[in-house]
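Visitor: The structure follows.
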């Protein structure tokens, strides 16, 4: 399990998690939840093949060591490396080949990333693909095939919450990786 953008004080206050905990328990329990959220890993290396995180890559990301060095035991800022790992999104397919990074106005923070920086991260760290979440997908997942329709996707978005917020009518999906084979369920 990886930390996402909702595992923060700001998001738990905005989306009523904090008020629900205070109604049912107390401030100490809420503070313990926050301590657990801050202790969650920011990213994962799966079998040396896949780099996984909630949001996506950052202009500051060069290697796995950069992720290992990030100070995660804090409230995520609205910009910078930790913010990007939790909040960034891939560019639309038509823009991904044209730009490296761009502002992310839909999120009001972080960046959108394109193909070239993804290829650099994959090549430098010997990964096959980046697996991330953070965006509702109608089918529960999306293969970002920026290298062409026959290429293995450089970025895969997987979204496990079906009918998100009771209004998107989307499917939920999970990725299973067993014996070097990937299955999306």
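Visitor: Pairs under 7 Å by beta carbon, first residue in contact (Cβ under 8 Å) with a residue 40 or more places away in the chain in the range 135-153, partner surrounded by fewer than 17 Cβ atoms within 10 Å (Cβ to Cβ) and part of a strand (DSSP E or B), six or more apart or different chains?
Guide: Every condition considered, the pairs that remain are 141/184.
Visitor: Mind telling me which of the residues 63, 58, 19 ends up being in contact with a helix residue (DSSP H, G or I) (Cβ under 9 Å, 6 or more places away or on another chain), surrounded by fewer than 13 Cβ atoms within 10 Å (Cβ to Cβ) and within 25 Å of residue 102 (Cβ to Cβ)?
Guide: Criteria check complete, one pass: 63.
Visitor: Can you name every residue in the range 13-37 that is more than 24 Å from residue 174 (Cα to Cα) and in contact (Cβ under 8 Å) with a residue 24 or more places away in the chain?
Guide: Correct list: 34 only.
Visitor: Please verify whether residue 92 is out of contact with any helix residue (DSSP H, G or I) (no Cβ under 7 Å at 6 or more places or on another chain) and at pLDDT 95 or above, treating the condition exactly as stated.
Guide: Judged against the criteria, residue 92 is not a match.
Visitor: Taking the criterion of being surrounded by 13 or more Cβ atoms within 10 Å (Cβ to Cβ), more than 20 Å from residue 153 (Cα to Cα) and in contact with a strand residue (DSSP E or B) (Cβ under 6 Å, 6 or more places away or on another chain), would at least one residue in the range 23-31 satisfy it?
Guide: No, there is no match, as no residue in the range 23-31 is surrounded by 13 or more Cβ atoms within 10 Å (Cβ to Cβ), more than 20 Å from residue 153 (Cα to Cα) and in contact with a strand residue (DSSP E or B) (Cβ under 6 Å, 6 or more places away or on another chain).
Visitor: For residue 36, which of the numbered conditions (1) within 26 Å of residue 176 (Cβ to Cβ); (2) outside the structural domain of residue 122 (by TED's automatic domain parsing); (3) surrounded by 13 or more Cβ atoms within 10 Å (Cβ to Cβ) fails to hold?
Guide: It fails just one condition, (3).
The values are calculated or read from the model by the stated rules, or taken from the named source; none is laboratory data. If you're wondering where the values come from, they're calculated on a predicted model, not measured in any experiment. Here Cβ is always computed from backbone atoms with ideal geometry, including for glycine, and neighbour counts include all displayed protein chains.
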